[in-house]
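Following: one structure in structure tokens, then a few remarks.
The values are calculated or read from the model by the stated rules, or taken from the named source; none is laboratory data. Quantities reported herein were computed from a predicted structural model and do not represent experimental measurements. Virtual Cβ from ideal backbone geometry, glycine too; neighbours counted across all protein chains shown.
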Amino acid sequence: MPSRFAALTKIQEESAPRQRQNADTREATPTRVQRPIGKRQNPAYQQISAYVRRDLYDMVRRELIGKTEDFSDLLEQWMEQWKRSKESGT
């Protein structure tokens, strides 16, 4: 008398070669290079909002075109300089 799970066992046995083949294919596929985490997902960064005169912001953005740093990098540098000046007492 066949087991009530005989059909399931047969399906599992038939799919085993297919699973091995898929595993072999995955091993042959080159792994994807992970991109560095962006500031948005990095918990060390905090998104902020500020009101800045439009003409000043536009001028700064124009100066940054084609440069490797972005507005947030520049703002962070300015904030670090301000912090250091407060710490030194000047």
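Any residue that is assigned to a loop (DSSP other than H, G, I, E, B), loosely packed, with under 10 Cβ neighbours inside 10 Å and either at pLDDT 75 or above or touching a strand residue (DSSP E or B) at 6+ places or on another chain (Cβ under 9 Å) (or both) - is there at least one of those in segment 51-60?
Yes - at least one qualifying residue is present in segment 51-60.
Condition first: part of a helix (DSSP H, G or I) and either loosely packed, with under 10 Cβ neighbours inside 10 Å or of a type in the set (A, V, I, L, M, F, W, C) (or both). Now tell me which residues in segment 64-80 satisfy that.
Answer for segment 64-80, where residues must be part of a helix (DSSP H, G or I) and either loosely packed, with under 10 Cβ neighbours inside 10 Å or of a type in the set (A, V, I, L, M, F, W, C) (or both): Leu64, Phe71, Leu74, Leu75, Trp78, Met79.
Which of the residues belonging to segment 27-46 are surrounded by fewer than 10 Cβ atoms within 10 Å (Cβ to Cβ) and in contact with a helix residue (DSSP H, G or I) (Cβ under 9 Å, 6 or more places away or on another chain)?
none
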